[in-house]
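Engineer: I'd like to ask you about the structure that follows.
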2 protein chains.
Amino acid sequence: MSGEMGNGPGEQSEGPSKAKQGQSRAEKRFETSIAYFERAAKVIPGGIYGSKSPGFLVPGHFPYYLSHAKGSRIVDVDGNEFIDYLCGYGSQIVGYGNPAVDEPALAQARKGDLLNQPHPVMVELAERLVGLVDGMDWAVFVKNGTDATTLATSIARADTGKQIIIAAEGAYHGAANWCSTNVFPVFTQAEQRDVRYFPYNDVAALEALFRQHREKIACVILTPYHHPTYKPQQLPTPEFIATVERLCHSEGAYFIMDDIRANFRLSMKGSHSFFGAHPEMITMGKALANGYPLSVLLGTEGLKKTASSFFITGTYWMSAVPMIAAMATLDEMERLGGTERLAQLGRMLKEGLESLGREAGFSARISGPLAIPYLTFDEDPDLFLNQRFCAAMADRGVFMHPHHNWFISLAHTEEDIAQTLEAARGAFAELRD
Amino acid sequence: MSGEMGNGPGEQSEGPSKAKQGQSRAEKRFETSIAYFERAAKVIPGGIYGSKSPGFLVPGHFPYYLSHAKGSRIVDVDGNEFIDYLCGYGSQIVGYGNPAVDEPALAQARKGDLLNQPHPVMVELAERLVGLVDGMDWAVFVKNGTDATTLATSIARADTGKQIIIAAEGAYHGAANWCSTNVFPVFTQAEQRDVRYFPYNDVAALEALFRQHREKIACVILTPYHHPTYKPQQLPTPEFIATVERLCHSEGAYFIMDDIRANFRLSMKGSHSFFGAHPEMITMGKALANGYPLSVLLGTEGLKKTASSFFITGTYWMSAVPMIAAMATLDEMERLGGTERLAQLGRMLKEGLESLGREAGFSARISGPLAIPYLTFDEDPDLFLNQRFCAAMADRGVFMHPHHNWFISLAHTEEDIAQTLEAARGAFAELRD
C-alpha cells in the first residue's frame, strides 16, 4: 500500500504497475491538477496534506483538485466527472449543492454568519438534537470533529478527576496530539501517555485494561462500529457493548460515542441507538450540516454542570450559517427517505459489487453498514488489489477510495448505482486480465 | 468585574447598580433575547458559553442573540441596532455582509464548498500569503485559531525534540488544554505542565526562564503586542523583541507570532513587520477571511520538512468558500484604504473619547494600536467604570466591550465615529452624575 495515511506525495510509493504504464495518459487527463500541485509543492508542506494527500489515493488515477460538484457528482479542474462515493469524507448526506440546504443557509450568510453573539438558530438546533438523539440532554456546538472528541474526553477527565482514556486500536478520533498518528516522542511521552488501546470487540482485553488501571479510568471512547483505515469494517458484538457499559458503570468511567463519521447515516436517533448502546456523551459532525462546518457534543444531564464550568470557546463556533444548514439537512433527510433509503441504495451497491467480483473470480467483500460500505478482497491483505480496483473505477468515472470507507448519500440514484456496477464489471475484468 | 472570562450567566455578578435600576426597561428592550436564553439554559450548558457568554458583557444592557448585520451595524433579535466595535471578535475587517467578499464566496458555495480534495484557490491563497507576509515561505490552512497555535507549538516541539513552551502571562492563544484557562488539575498536571509564563515585556524574567530551562525550550509564542483580558493593552519595547530573538537564536528555540487577533489590522505584511520582529512561524485567522472560518499557519523554509511530516488534517480544513473569501477580503482591504484608513478612523475615536472623558473629569485612556483600541480608566482598577461606560454606550446604540479589546473595520465611517462620540458625551455625563 502507499504508506501511512497522511504521507506527503514526496514520500508516496510508486503505486501499482498499471499507474506507471498509464502515466502519460494520466498526465494528460489530470494536466491542470498536476500543474496546480507543482505550484502547491513550493508553498505548502507536502503540497496537499493530511487525509486529502494524493498519496492516500492512487497517484495518476485520481484528480488532485476539484472544481465543483452537484448531487452525487464531482468535477475536477480538468473537467473530469465522477460519481462520488466519498461524499466529502462523509459530509454530504443530501447531496452536493442541494438547494433545500443551500438556499436558507446562504440567505443567512448575506444577513450575517459570524456575529458577536449567537443567532437564535443555535437554541432551535440544540432543542432539536436533544429531542432527536436518544438519551441526550444538552448540546455544545464546536467546529472540528476533533474539538468535540477532545472536549468529550476532557469533560470526562475533569468530572472524574481521572486521567486514562481507553480507545480501540486503529480507531480515528481526530488529529489532536492526544489521539493523532503523528509519531513524535515529545507527544507520545506527554499528551498520548494516558491513552490506552485494546483490539475492538475484544472483551477480555478490555476487561484486562480495566483491571490494570482500576480507579484511574476517565472514559472509554468508541466509534459506533469499527472503521480502521486499510482494513475491513467491523460491527460491534452485543456482548462487547454490554461489557463496555458494565465496566464503565462499575468503574465510574464515562462511555463516549464518537459518532462523527457515521452520524445520521444509520439512525436518525444516533448510531448508538442503531446498535443498542447507551453512551453518556456523543460527538457528531460531518453530515450534521451537509458539509457546512459544524460539530456538536451531546451529553446527559449528570455532566451538564461540569460542561458548563468549562471554558468552551472558538471565534467561529457560534456562526449561524452551518446551524441553519443543519436544520435544513435534517428536514431534507426526512423528505428524501432517510436512513431506509440509504440502506436500500447501499444494499444494491453491496450485492452488485460482491456478485460481479465473484463472477470475475475475486472474493470481493463489502464490510460495514449498508450506508457506509468498504470493499476489500480476502486474497489481498496489502490492498494492492484495492488500489488497482479503485484506480480502474476512477478511470471509468467512479470515485471510490481504496483506503477509506465509502459513503452513500440521498442524492445517489438507482441509475448512479447501475452505472457504478457497469463500471465495476469493466474494472473487475481489467483486474483479472 | 463580572468574574473570569467565560463564566456562565449563572455565575455572573449582579453587575453595577445601574443595571439593577434599569432591569424592567432592559427586560422589555431584550425581551426576545431573554426568552431565547431561557430556552437555551435547558439544553445548552451555561445557555451561551465561552467568550460569548452574557456574563462577559454587562447583563441587562447587551443583547444575547443577534439577528443580522450590515457594514458596521449589528441588529439583535428584538430589533435593537448598534454601531459595532467588536466586529465578530475581530473577524469583520471589511464590514458585515460586504458584497465584494460575499458574492464570489457564495457563488462557490453553490458550486461546492467541502469537496473530497482541495479547490485550486488553496494554491492561489498560499502563494498570495507567502508573497504578502514578511519572511514566510509556506502556508498550512486549518480552521480554528487554536488549530494554528497548537500546530505551531507542536511543530516547534517536534523539530527541536524539546518540550517547553514559553508564553506571556495573560496572553490568549486559544482554548486547547495546553493553553486554556480551564483550571482542572488533570490538565494542569499533564498538558499544561510544560508551559512557562513570564510578564510581557519583562526582559529579565524572560532571560531567567531561558537560564532555568536551558536545552529544554522548544519555542516562545507571543502575540504581536499584549492584549490581556481586563487590562490595558501594551505595545512591545524594541529591547523586548530583540531579547526574544537573541535568546531563541542562542537556544535553538523557535519564535512563534500568534497574529490571529491583530491579523492584517496593523500591516498588510503581518503585525510582526509593524513591530520589526522576525518570527519563524506566524498564525493568522479571524479577519483573514472576514469571518468565514479559516486560519493559517505560515512558516519559514527551515521548518517545511518537519511540517510536511506531520499528519495535519481536518474534514473542513480545505473547504473552498473561506479561501475565496480570504482572497476577496485582501482585495477589498486594498480598495478601501487598508491599514492607513483603519488607523485614521482609530485616531478619531481615540482622540475623541480621551478628550470627552477628560472634559467630564475622567482619566479615560485608549491603549493599544489605533485600529484595535481598548478603553480603561486610570482610577478604575476593577473595571466597574468600564462596565458602566459600556452599558451606557450600549443603551445609546453603541456596542463596546468592557472586558475585551475593540476593533475598527473598513466599514466604519467618519459619521459612525461622530455618532459614537456624541453617544460617549452622554455616557460620560451619566457616569459623572
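Engineer: Under 8 Å between Cβ atoms, at least 6 apart or on separate chains: pull out the pairs that start in the stretch B:272-284 with a residue that is over 18 Å from B:ALA126 (Cβ atoms) and end on any residue that is of a type in the set (S, T, N, Q).
Structural biologist: B:SER273/B:SER267; B:PHE274/B:SER267
Engineer: Follow-up question, since we're still on this one. Would the stretch A:41-49 turn up any residue that is within 26 Å of B:LEU125 (Cβ to Cβ) and at pLDDT below 85?
Structural biologist: First, the residues of the stretch A:41-49 that are within 26 Å of B:LEU125 (Cβ to Cβ): A:41-49.
When the remaining residues are screened for being at pLDDT below 85, the result is none.
Within the stretch A:41-49 (the criterion being within 26 Å of B:LEU125 (Cβ to Cβ) and at pLDDT below 85), the answer is no, since none of the residues qualifies.
Engineer: Of all residues in the stretch B:27-47 being in contact (Cβ under 8 Å) with a residue 24 or more places away in the chain and not in a helix (DSSP H, G or I), which is nearest to A:THR300 (Cα to Cα)?
Structural biologist: B:PRO45
Engineer: Does the stretch B:101-144 hold any residues that are on the phi > 0 side of the Ramachandran plot and in contact with a Phe, Trp or Tyr (Cβ under 8 Å, 6 or more places away or on another chain), and which are they? Let's see the steps before the verdict.
Structural biologist: Residues of the stretch B:101-144 that are on the phi > 0 side of the Ramachandran plot, as a first pass: B:112, B:135.
Correct list: B:GLY112 only.
Engineer: Based on this model, can you work out whether B:GLY97 counts as facing another protein chain (nearest Cβ under 7 Å), buried (at least 24 other Cβ atoms within 10 Å of the Cβ) and within 22 Å of the chain's Cα centre (by Cα)?
Structural biologist: Answer is no for this residue.
Okay, residues lined up against (1) closer than 24 Å to A:ASP382 by Cα; (2) within 14 Å of chain B (Cβ to nearest Cβ):
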site: A:ALA148; (1), (2): no, yes
site: A:ILE155; (1), (2): no, yes
site: A:ILE164; (1), (2): no, yes
site: A:ALA168; (1), (2): yes, no
site: A:ALA190; (1), (2): no, yes
site: A:ASP194; (1), (2): no, yes
site: A:ALA205; (1), (2): no, no
site: A:GLN212; (1), (2): no, no
site: A:PRO228; (1), (2): yes, no
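Engineer: State all residues of the stretch B:114-156 that are charged (D, E, K, R) and surrounded by fewer than 24 Cβ atoms within 10 Å (Cβ to Cβ); if no residue qualifies, say none.
Structural biologist: Of the stretch B:114-156, the ones charged (D, E, K, R) are B:124, B:127-128, B:134, B:137, B:143, B:147.
Hits for the stretch B:114-156 are B:GLU124, B:GLU127, B:ARG128, B:ASP134, B:ASP137.
Engineer: Here is a check on your reading of the model: is A:ASP378 touching a strand residue (DSSP E or B) at 6+ places or on another chain (Cβ under 8 Å), under 24 Å from A:LEU66 (Cα atoms) and of a type in the set (Asp, Glu)?
Structural biologist: Working: touching a strand residue (DSSP E or B) at 6+ places or on another chain (Cβ under 8 Å): yes; under 24 Å from A:LEU66 (Cα atoms): no; of a type in the set (Asp, Glu): yes.
Here the answer is no, as A:ASP378 does not meet what is asked.
Engineer: Consider B:TYR64 carefully, then state whether it is within 15 Å of B:ASP416 (Cα to Cα), buried (at least 24 other Cβ atoms within 10 Å of the Cβ) and either aromatic (Phe, Trp, Tyr) or modelled with pLDDT of 95 or more (or both).
Structural biologist: Numbers: within 15 Å of B:ASP416 (Cα to Cα): no; buried (at least 24 other Cβ atoms within 10 Å of the Cβ): yes; either aromatic (Phe, Trp, Tyr) or modelled with pLDDT of 95 or more (or both): yes.
Answer is no for this residue.
Engineer: Here's a follow-up. When A:GLU207 is evaluated against the numbered criteria (1) buried (at least 20 other Cβ atoms within 10 Å of the Cβ); (2) more than 23 Å from the chain's Cα centre (by Cα), which criterion, by number, is the only one it fails?
Structural biologist: (1)
Quick grid of which residues meet (1) touching a Leu at 6+ places or on another chain (Cβ under 7 Å); (2) over 23 Å from A:TYR172 (Cα atoms); (3) not aliphatic (A, V, I, L, M):
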{"site": "A:ARG347", "(1), (2), (3)": "yes, yes, yes"}
{"site": "A:GLU359", "(1), (2), (3)": "no, yes, yes"}
{"site": "A:PRO373", "(1), (2), (3)": "yes, no, yes"}
{"site": "A:LEU383", "(1), (2), (3)": "no, no, no"}
{"site": "A:CYS390", "(1), (2), (3)": "no, no, yes"}
{"site": "A:ALA394", "(1), (2), (3)": "no, yes, no"}
{"site": "A:PHE407", "(1), (2), (3)": "yes, no, yes"}
{"site": "A:LEU421", "(1), (2), (3)": "yes, yes, no"}
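Engineer: Collect the residues in the stretch A:386-433 that are part of a helix (DSSP H, G or I) and aliphatic (A, V, I, L, M), keeping them in residue-number order.
Structural biologist: From the stretch A:386-433, those part of a helix (DSSP H, G or I) are A:386-395, A:414-432; that's our starting set.
Those that are part of a helix (DSSP H, G or I) and aliphatic (A, V, I, L, M): A:ALA391, A:ALA392, A:MET393, A:ALA394, A:ILE417, A:ALA418, A:LEU421, A:ALA423, A:ALA424, A:ALA427, A:ALA429, A:LEU431.
Engineer: Does B:LEU132 satisfy the criteria of being out of contact with any Pro (no Cβ under 6 Å at 6 or more places or on another chain), at pLDDT 95 or above and more than 10 Å from chain A (Cβ to nearest Cβ)?
Structural biologist: On the way: out of contact with any Pro (no Cβ under 6 Å at 6 or more places or on another chain): yes; at pLDDT 95 or above: yes; more than 10 Å from chain A (Cβ to nearest Cβ): yes.
Answer is yes for this residue.
Engineer: To continue, here is another question. Would you check if there is a residue in the stretch A:235-254 being under 27 Å from A:GLY368 (Cα atoms), within 17 Å of the chain's Cα centre (by Cα) and surrounded by fewer than 18 Cβ atoms within 10 Å (Cβ to Cβ)?
Structural biologist: Within the stretch A:235-254, the first condition is being under 27 Å from A:GLY368 (Cα atoms), and the residues that meet it are A:235-248, A:254.
Those still in the list that are within 17 Å of the chain's Cα centre (by Cα) too: A:235.
Narrowing the set further to residues that are surrounded by fewer than 18 Cβ atoms within 10 Å (Cβ to Cβ) leaves A:235.
Yes: one or more hits.
Engineer: Right, here's the next one. Quick test of your reading of the structure: A:ASN201 fulfils all but one of (1) within 11 Å of another protein chain (Cβ to nearest Cβ); (2) in contact with a Phe, Trp or Tyr (Cβ under 6 Å, 6 or more places away or on another chain); (3) on the phi > 0 side of the Ramachandran plot. Name the failing condition by number.
Structural biologist: (1)
Engineer: Only residues in the stretch B:291-318 that are free of Cβ contacts under 8 Å to residues at least 12 places away in the same chain and within 7 Å of another protein chain (Cβ to nearest Cβ) count as the first member; pair them with residues that are surrounded by fewer than 22 Cβ atoms within 10 Å (Cβ to Cβ) and acidic (Asp, Glu), Cβ under 9 angstrom, at least 6 apart or cross-chain, and list the lot.
Structural biologist: Pairs that qualify, where the first residue is free of Cβ contacts under 8 Å to residues at least 12 places away in the same chain and within 7 Å of another protein chain (Cβ to nearest Cβ) and the partner is surrounded by fewer than 22 Cβ atoms within 10 Å (Cβ to Cβ) and acidic (Asp, Glu), are B:SER308/A:GLU11; B:PHE311/A:GLU4.
Engineer: Which strands (runs of 3 or more DSSP E) does the stretch A:57-152 wholly contain that include 2 or more residues that are in contact (Cβ under 8 Å) with a residue 40 or more places away in the chain and aliphatic (A, V, I, L, M)? Spell out how you get there, then give the answer.
Structural biologist: Details: elements: A:66-70, A:73-76, A:81-84, A:138-142.
Of the strands (runs of 3 or more DSSP E) lying wholly inside the stretch A:57-152, those with at least 2 residues that are in contact (Cβ under 8 Å) with a residue 40 or more places away in the chain and aliphatic (A, V, I, L, M) span A:138-142.
Engineer: Just give me the residues in the stretch B:115-164 being among the small types (Gly, Ala, Ser) and within 14 Å of B:LEU288 (Cβ to Cβ), in sequence order.
Structural biologist: B:ALA126, B:ALA139, B:GLY145, B:ALA148
Engineer: Please give the number of the condition A:THR32 fails out of (1) facing chain B (nearest Cβ under 9 Å); (2) modelled with pLDDT under 85; (3) surrounded by fewer than 24 Cβ atoms within 10 Å (Cβ to Cβ).
Structural biologist: Tallying (1) facing chain B (nearest Cβ under 9 Å); (2) modelled with pLDDT under 85; (3) surrounded by fewer than 24 Cβ atoms within 10 Å (Cβ to Cβ), A:THR32 fails exactly one: (2).
The values are calculated or read from the model by the stated rules, or taken from the named source; none is laboratory data. What you are looking at is a predicted structure, and each value in this text was computed from that prediction instead of being measured. Cβ atoms come from the backbone with ideal geometry, glycine included; neighbour counts cover every protein chain shown.
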